[in-house]
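The values are calculated or read from the model by the stated rules, or taken from the named source; none is laboratory data. Given the structure is predicted, the values throughout are model-derived calculations rather than measurements. With ideal geometry, Cβ positions are generated from the backbone for all residues, glycine too; neighbour counts draw on all protein chains shown.
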Amino acid sequence: MEFLAEHQLYIVMIIVLGIWLGLYVYLFRLDGRISKLEKESRHES
Amino acid sequence: MQPDERYGRRWLRATSAVFLKDWHAELRTRYAINALGMFVVTTISIILFSLGGEPASPEVLAGMLWVVLFFAAMSGMSRTFVMEEERGTAMTLQLQAPASAVYFGKLLFNLVLGAGLTLLTVVLYAVLIEGFVIRSYGVFIGVVTLGSIGLAAASTIIAAIIARANTKGTLYPVLSFPILLPLLMTVINATRLASEGTSWADAGGEFQILISYIVVVVTTSYLLFEYIWKD
Amino acid sequence: MILKGALGVLLTLVIIAAFALPITPQPQSWLEFPLIPGLEEKARIIFFHVPTAWLSVMAFLTSMVFGIRYLRKRDMLDDIRSSSAAGLGLLFCILATATGAVWAKFNWGSFWNWDPRETSIFVLLLIYGAYFSLRSAIEVEEKRATLSSVYSIIAAVTVPFFVFIMPRIMTGLHPGAKGDPDGAGPVIEFKMSPNMRVVFFASLIAFTLLFVWMFTLRVRAARLESHLQAKG
């Protein structure tokens, strides 16, 4: 904690990393869902 | 050679027919002369009122001149195409004339309209606004001529797009502005140079930009017009 | 699959490197960035701001290329691709404008001062805005596809004029612009040390991969949507 209080730049880094990982997980799950829907629509037709 | 020549002559006749059709319609209704003339008078008087006798810098006045011309073009130059759609004559025209002849006919009409508008605006502007002094007349005339040609060239193709999109008013300046911005920035800068007094050599870069802009816009419009015009 | 994993690792590493590596006046090792006078810690923006600006231009060109393909082949899928690319381009364009404005506030003193780069990104924003307002105004699909393709081509041929106009009208403040006192030429070439360049190009690649991924996702989703609509 003291280390972070002294080097505030690392706080920014952690926030940016958090945003990026959140976005990554979101895109990954979206990809999976779209693949599933594509499979379903191919089965139907 | 023979068929080519005959095609060329037929194309020229079609182009001038499209132009003359709009020209006669204009003479009959006098829409441009009345409405656009009043538009220019109104905007210039607004500028006069807002200046309130205060002297303004040549940069501001050069910019204002082109603001008037831009909005005058935006209110007048879409008419040639919108009219065809409104009257339902677009279909007939599609069948009777090649697309390129329609494009150049309309372009010619807008060029004439633009020349008239520019002449009226510049004369009124020079007479009514005191601070507006031109030191290099040759450069100024060249800039205004090329500027109004460029304005007409870009406005014509955007007018064709918005007439097809069935949205007459609001979208036209929105679509035209990014396309016209390079032209407007150049002419405003060149008008400022002309009012401060400049030589042809100093304004040479501006003229190169204006001429190449006009050539590029007219060529791409000519190539793309067919896609807009025929569905 | 491998590419997605690689993207995840790459951008994570880029973020860590961009923030964690110290900036010192005399870099001793490979893991220290040199100090650039006038930029100092603010130099770190280059790893994120420049890739977004680059993508907003690339997305526009992608959109135009698919627009041309639509006009040639009349395949609705190309229009879906074209509009998806433009949508992502708008997103990256807004990001580039916002990050640039924040940086400008602390480097130049105000959020916006009509520097040539700021003017050109503003024009790009306007074009994206005009493109989408044109699309939203037309209901017939084929007409919408044709007209928006034509518009993006016309916009693409007039925008390069700014390259010639800008230097005649104003001097730039942007790092790498003509008015920059420490020499002309893009920052990328002149002021970045080799290790900065590695991180920068890694970031550029990562952002491009991210764009490609988001682009394919949007296209696939739009395709599913049109399949469903076709079924009724």
* Name the one entry in C:Leu124, C:Leu77, C:Leu61 that is at pLDDT below 95 and within 12 Å of another protein chain (Cβ to nearest Cβ). => C:Leu124
* Asked: From the list B:Ser16, B:Ser100, which one is closer than 29 Å to B:Phe177 by Cβ and either without any contact (Cβ under 8 Å) to a residue 12 or more places away in the chain or touching a helix residue (DSSP H, G or I) at 6+ places or on another chain (Cβ under 8 Å) (or both)?
  -> B:Ser100
* Considering only residues that are crowded, with 17+ Cβ neighbours inside 10 Å and without any contact (Cβ under 8 Å) to a residue 60 or more places away in the chain, look in region B:65-74 and name the one that is farthest from B:Val122 (Cα to Cα). => B:Ala72
* Structure fact -> Being within 19 Å of the chain's Cα centre (by Cα), assigned to a helix (DSSP H, G or I) and closer than 30 Å to B:Ala97 by Cα narrows B:Ala73, B:Ala62 down to just B:Ala73
* Is it the case that region C:33-41 has a residue that's of a type in the set (Phe, Trp, Tyr) and either surrounded by fewer than 18 Cβ atoms within 10 Å (Cβ to Cβ) or not in a strand (DSSP E or B) (or both)? -> no
* Asked: Of the residues C:Ala53, C:Ala98, which single one is assigned to a helix (DSSP H, G or I) and free of Cβ contacts under 8 Å to residues at least 24 places away in the same chain?
  -> C:Ala98
* To do: Working carefully through the options B:Asn166, B:Asn189, find the one that is within 7 Å of chain C (Cβ to nearest Cβ) and either in contact (Cβ under 8 Å) with a residue 12 or more places away in the chain or not in a helix (DSSP H, G or I) (or both).
  => B:Asn189
* **Scan of region C:90-106 for residues that are more than 19 Å from C:Met166 (Cβ to Cβ), buried (at least 16 other Cβ atoms within 10 Å of the Cβ) and away from chain B (no Cβ under 14 Å), ordered by number** => C:Leu91, C:Phe92, C:Leu95, C:Thr99, C:Trp103
* Condition check for C:Ser84: part of a helix (DSSP H, G or I), in contact (Cβ under 8 Å) with a residue 40 or more places away in the chain, surrounded by fewer than 20 Cβ atoms within 10 Å (Cβ to Cβ) and among the small types (Gly, Ala, Ser) -> no
* Structure fact -> Taking region C:114-145 and keeping residues in contact with a Leu (Cβ under 7 Å, 6 or more places away or on another chain) and either not aromatic (Phe, Trp, Tyr) or not in a helix (DSSP H, G or I) (or both) leaves C:Asp115, C:Val123, C:Ala130, C:Ser133, C:Leu134, C:Ala137, C:Ile138
